[in-house]
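Each value in this text was obtained by applying a stated rule to the coordinates, not by laboratory testing. What you are looking at is a predicted structure, and each value in this text was computed from that prediction instead of being measured. Note that we place each Cβ from the backbone using ideal geometry, even for glycine, and neighbour counts take in every protein chain shown.
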Amino acid sequence: MQNTKQKKSNFRASAVPLVTVDPYFSVWSFSDTLYGDATRHWTGRENRMNAGIIIDNTYYSLMGTFHSSKRQVFSGLEVIEQKSINISPLITTYEFENELARVKLEFITPLLLREIDILSRPLSYIEYTVEIKDKNVHDVRFYFDISPECCVKIKDKNVHDVRFYFDISPECCVTDWTQEVELKSSEFGIFCGNTEQKVLGRTGDNICIDWGYLHLIHKDARFIQRGIDLYKCRFVMSEADTKKTYNAFNEAVVMAVVTEEMSGVIAIAYDDIKSIEYFGTHLDDFYKESDGSFNNMVKKAVSQYREIKKKCVLFSEELSEEASKVSTEYEKIISLIYRQVIAAHKLVRDTDGNILFISKECFSNGCAATLDVSYPSMPMLLKYNPELVKGMLLPIIKVARSGNWDKEFAPHDAGCYPCLNGQAYEKESDAQMPVEECGNILIMTAVLCNTLGNNDFAEENEDLLKKWAEYLIENGYDPGDQLCTDDFAGKWPHNCNLSIKSIIAIGAYGKLFDDRRFTDIAKKYAELWVKDTYAEKGTLLAFDRKDTWSIKYNIIWDKLLNLGLFPKEVYKKEVEAYKAKMCRYGVPLDCRSDYAKTDWQAWTTVMTEDSEYTETVYRKIYDYINETVDRAPVSDWYSAERGRQYVFQNRSVLGALFINIM
């Protein structure tokens with residue numbers, strides 16, 4: 001019991017959320033200590049923020065690392081030892097202490113799902129408190145900076161300047177190591193941006209933003225050129241010339257706050273100008289609907305800080321308390337992933353007045369509004385704001401009703417982030433996911449309508465839903481040679497788990513529209529499925545492979561929608577099989593490999609009332625996050641034996657883990 005408590009207190013996240021606003025405005029710590037490495041974008045590229053205190057002209061580092069002009073890391077600065085870190089759903093808190101001072105840093109991104117006017121603001125807060133321990137008189141200043149790297153890209157070879165307009169590192173707004181930024185002041189702080197503005201000019205996966213402007217909001221904000229005196233081994237800084245443009249990566253010019261105030265709040269914000277291209281129209285970020293403009297948003301966000309922080313604290317406490325009833329490990333995981341899930345989306349409103357909640361398929365292919373990414377992520381949104389589930393489905397409906405979609409099945413996605421102009425996924429018929437996506441949208445629609453207590457969305461789209469349900473009747477029981485959402489594993493014809501999704505989707509359609517034909521067919525298929533997938537332990541991976549097995553995560557919606565298609569014995573038998581297959585870090589997806597899926601394992605825990613099984617699954621996932629050597633936002637695809645990440649990171653599918661408290 002004592003070891004469990006020790007493990008809880010020493011939870012080491014694979015990466016720590018600091019600034020988590022959307023797929024572009026993202027800063028994480030990938031290190032055990034905040035000063036142990038440069039802060040990074042979720043992709044792993046540097047989005048540098050630094051913080052420290054200067055005591056009697058000696059700089060003590062709290063966050064980040066400094067580079068020389070050739071980007072060599074300088075590690076000779078003194079640090080104030082990090083004593084603790086606490087990650088709650090909306091706040092990350094670090095505490096530091098040495099013989100001279102105690103310092104606390106709090107990183108707050110107010111992603112309040114029930115208050116989308118606040119959630120949509122592209123702004124994050126950093127609150128600091130400095131306490132000098134002795135009674136001597138010291139010259140003390142708090143220091144913070146952010147790099148222009150945050151507003152430029154990194155991979156192409158085009159040369160762009162960054163212009164400063166007042167100090168967060170300009171690297172946050174460029175993506176090319178040769179790009180330059182320009183510097184300017186505003187009525188509430190300073191900002192910087194790429195000198196070449198191509199709004200919504202790039203799409204793709206492993207890329208960062210290179211348009212818009214990065215803002216630092218504080219009365220003592222200024223542009224500085226900082227560096228390291230290698231002879232005296234100390235940090236130095238001087239005022240930057242704001243009339244010049246600077247290379248975002250090779251010149252150590254940053255937006256900074258240097259202040260004598262021993263406590264305060266710094267805000268950083270990103271004006272992306274336009275957020276999403278939606279079928280040819282550039283859409284504004286949602287916050288402009290209530291706040292009017294970027295400047296007004298900043299003023300309101302700053303003036304409302306204390307009120308917003310109280311809301312964040314209260315929400316975090318309530319969620320943590322609820323999650324801890326599942327298990328202590330589950331609470332730690334939920335607290336870590338909450339911001340990750342939401343910040344993989346962008347919230348906008350289309351020209352018809354519909355709210356759209358657009359996901360980016362991170363480290364997969366960069367697709368936007370991907371249906372089989374929305375499917376696992378929906379439990380979080382169903383719990384806090386079901387209208388956002390509708391906002392994930394509407395782009396798929398839009399594609400299906402466009403004149404460019406002539407398929408008899410549902411689309412996979414609506415474009416490549418941030419441009420939604422039609423499906424971006426493979427167009428070839430053998431690379432599509434017809435049964436997968438038809439099943440996803442039918443089940444999601446049924447769950448959404450059940451949660452809202454009305455069938456409005458289903459009735460508005462009955463023609464499409466019926467077409468897709470008919471497709472499943474013809475093609476879904478035995479899917480043949482089709483891909484499913486686990487496409488990273490390749491095709492596996494006659495997939496039994498995909499068949500379950502089809503059966504439940506047909507039954508869900510029948511229940512939605514009170515159509516006995518569909519419910520009767522679903523019941524018939526379910527009875528047949530139980531016979532055709534029989535194995536001594538668990539059920540088959542594929543109808544024609546007798547020595548196979550896989551986890552049947554899709555079956556949970558039969559239970560949660562009260563369809564009653566599958567007997568209880570199937571659930572019990574499945575869970576017993578998963579217990580037998582349990583590895584060091586969880587249950588593998590199927591018999592083909594040791595890879596595990598974080599989201600699908602979570603769903604198996606609601607197949608049973610066995611709390612011991614649930615606690616074991618989450619303890620295994622916790623151990624993976626805590627022990628993996630792959631430092632990145634939590635992955636949903638990893639080795640169940642070795643605890644090593646397989647590609648995916650920062651994906652919204654981890655919203656699936658809210659299934660236990662949905």
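Things worth noting here:
- Calculated P(r) tail over 16 Å for segment 355-455, as whole % of Cα pairs: 52 percent
- Neighbour net charge for residue 583 - beta-carbon separation under 10 angstrom, K R +1, D E -1: +2
- Interchain or long-range residues, amide H under 5 Å from residue 31's placed H: 16
- Taken over the C-alpha atoms, segment 568-621 has Rg and Dmax values of 10.3, 28 angstrom.
- From the alpha carbon centroid of segment 494-513 to that of segment 285-308 is 44 Å.
- Residue-by-residue Karplus 3J(HN,Hα) for segment 487-493, coefficients 6.51, -1.76, 1.60, Hz, glycine and proline x: 5, 4, 8, x, 6, 9, x
- Taking all Cα-Cα distances within segment 259-365, those exceeding 17 Å account for 69%.
- Nearest-0.05 FRET efficiency for residue 102 and residue 583, computed from C-beta distance (R0 35 Å): 0.25
- Peptides ranked, highest mean first, by Cβ atoms within 10 Å: ranges 262-275, 453-466: 262-275, 453-466
- Relative contact order of segment 534-611, pairs being alpha-carbon contacts under 8 Å that are 6 or more residues apart, as %: 34 percent
- For segment 264-357, the relative contact order works out to 28 percent when only alpha carbon pairs closer than 8 Å and six or more residues apart are counted.
- Judged by the mean number of other Cβ atoms found within 10 Å, the most tightly packed of the peptides 202-213, 135-146, 45-56, 559-570 leads the ranking 45-56, 202-213, 135-146, 559-570.
- Rounded to the nearest 20, the size of the Cβ-charge dipole of the chain about its Cα centre is 880 debye, with Lys and Arg at +1 and Asp and Glu at -1.
- Full extension of the chain between residue 611 and residue 592 gives 4.0 nm of extra length, using 0.36 nm per residue less the Cα-Cα distance.
- Cut-off under 5 Å, modelled amide H: who pairs with residue 204 long-range: 417
- The chain: mean projected area of Cα convex hull, nm²: 28.6 nm²
- Within the shell defined by Cβ-Cβ distances under 12 Å, the residues around residue 104 carry a net charge of -3, with Lys and Arg each +1 and Asp and Glu each -1.
- Cβ crowding within 10 Å averaged over residues, with 111-121, 278-288 ranked highest first: 111-121, 278-288
- Per-residue ³J(HN,Hα) for segment 432-437, Karplus 6.51 cos²θ - 1.76 cosθ + 1.60, θ = phi - 60°, Hz, x for Gly and Pro: 7, 10, x, 5, 3, 6
- For segment 449-536, the Rg and Dmax computed from alpha carbons only, in angstrom: 14.2, 45
- Working from the Cα coordinates of segment 399-488, the gyration tensor eigenvalues give, after taking √(5λ), semi-axes of 21, 17, 13 Å in decreasing order.
- Using θ = phi - 60° and Karplus 6.51 cos²θ - 1.76 cosθ + 1.60, couplings along segment 353-365 (whole Hz; Gly, Pro as x): x, 7, 6, 10, 10, 8, 8, 10, 7, 6, 6, 9, 7
- Under 5 Å between amide hydrogens, built in the peptide plane, is the criterion, and for residue 640 it picks out 595, 596 among residues at least 5 positions away or on other chains.
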